[in-house]
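Remarks on the structure that follows.
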Amino acid sequence: MTRREELAAGLADVEARIVAACSAAGRVREDVVLVAVSKTWPASDVEHVHALGVRDVAENKDQEAAAKAAELTGLADLRWHFVGQVQTNKATSVASYADVVHSLDRERLARALSAGAGRAGREIDVLVQVSLDDEPGRGGVPPDGALALADLAACLPGLRLAGVMGVAPLGGDPQGAFARLRETALRLRADHPDATVISAGMSGDLEHAVREGATHLRVGTALFGPRGPMLR
Ligand SMILES: *Cc1c(COP(=O)(O)O)cnc(C)c1O
């Protein structure tokens, strides 16, 4: 099997799962965007999935993301999503290529991304990352803080507040976690009607996320294959 065929098979599997999950939830497939998490995989894999119809790809490290985005500027309709923690000193770089930052988790980062977007003459979508368990570690801001951060982001030039993102706790209850994320999304939308994105669900729990209203699924392993043991 060529790598293209391997990726086509992975994509077909993921698509079938999304279609089934949408159908079970009474939703339509068009309401959900598949974001292909290409971290650790080469730019050539991104070209393959683009050729197979994927238009949204995600990375979680600035250095790797910047290199791939630079290599693939020819694919003009590709949307780059950044899903990892952003160090404040990387915000300018991230703002130069990212179309969507899923991991807005503090005021300083919001201001740094806004400044970076201004410098690059760009507008970027931001999602406030909401923590879905009581233990810090998987990142994000508790719901009340998330709403305050969203209010700030909505006021900053160069940023478009697009919604929320969450990562289900390891070994926890994904359904309950995504239900809490949806609740926060609804509260946020009361004040910011255009902030409609709910980024939730990965390879292992996308069905739960679709059931709880996710609009964006971040899928790596189920599409590209397992990452090496030393790689996140
Ligand atoms: C790596 C990563 C994903 C994809 O995880 P898989 O289990 O490989 O699908 C999704 N979201 C974030 C934030 C990630 O870092």
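Observations, loosely collected:
- When the range 143-158 is filtered for residues that are open to solvent by 10 Å² or more (accessible area, probe 1.4 Å) and either in a loop (DSSP other than H, G, I, E, B) or touching a strand residue (DSSP E or B) at 6+ places or on another chain (Cβ under 7 Å) (or both), the ones remaining, listed by number, are PRO143, LEU149, ALA154, LEU156, PRO157, GLY158.
- Just so you know, in the range 38-93 the residues that are in a helix (DSSP H, G or I) and charged (D, E, K, R) include one that is nearest to ALA9 (Cα to Cα), and it is ASP45.
- Residue in the range 131-138 that is surrounded by 23 or more Cβ atoms within 10 Å (Cβ to Cβ), modelled with pLDDT of 95 or more and over 30 Å from GLY172 (Cβ atoms) present: no
- Unique match (being open to solvent by less than 70 Å² (accessible area, probe 1.4 Å) and on the phi > 0 side of the Ramachandran plot) among GLY10, GLY53, GLY84: GLY53
Quick grid of which residues meet (1) within 17 Å of the chain's Cα centre (by Cα); (2) at negative phi; (3) open to solvent by less than 40 Å² (accessible area, probe 1.4 Å); (4) modelled with pLDDT of 95 or more:
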residue	(1), (2), (3), (4)
ARG160	yes, yes, no, yes
GLY163	yes, no, yes, yes
ARG182	yes, yes, no, yes
LEU188	no, yes, yes, yes
ALA200	yes, yes, yes, yes
SER203	yes, yes, yes, yes
LEU217	yes, yes, yes, yes
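- Matching option when the condition is touching a residue at least 60 places away in the same chain (Cβ under 8 Å) and touching a helix residue (DSSP H, G or I) at 6+ places or on another chain (Cβ under 8 Å), among GLY201, GLY158, GLY163: GLY158
- For the range 29-41, the count of residues that are open to solvent by 40 Å² or more (accessible area, probe 1.4 Å), touching a residue at least 24 places away in the same chain (Cβ under 8 Å) and more than 19 Å from SER203 (Cα to Cα) is zero.
- Residue check, GLY171 at pLDDT 95 or above, within 14 Å of the ligand (Cβ to nearest atom) and not in a helix (DSSP H, G or I): no
- Extreme residue, farthest from VAL46 (Cα to Cα), among residues of the range 219-230 that are at pLDDT below 95, more than 9 Å from the ligand (Cβ to nearest atom) and not aliphatic (A, V, I, L, M): PRO229
The values are calculated or read from the model by the stated rules, or taken from the named source; none is laboratory data. Everything numeric here is computed off the predicted structure, so don't read it as measured data. So basically every Cβ, Gly included, is an ideal-geometry build from the backbone, and we count neighbours across all protein chains shown. Ligands, DNA and RNA are stripped out before the accessible areas are found, and what is left, the full protein with its side chains, is counted by its heavy atoms. Shrake-Rupley method; radii C 1.70, N 1.55, O 1.52, S 1.80 Å.
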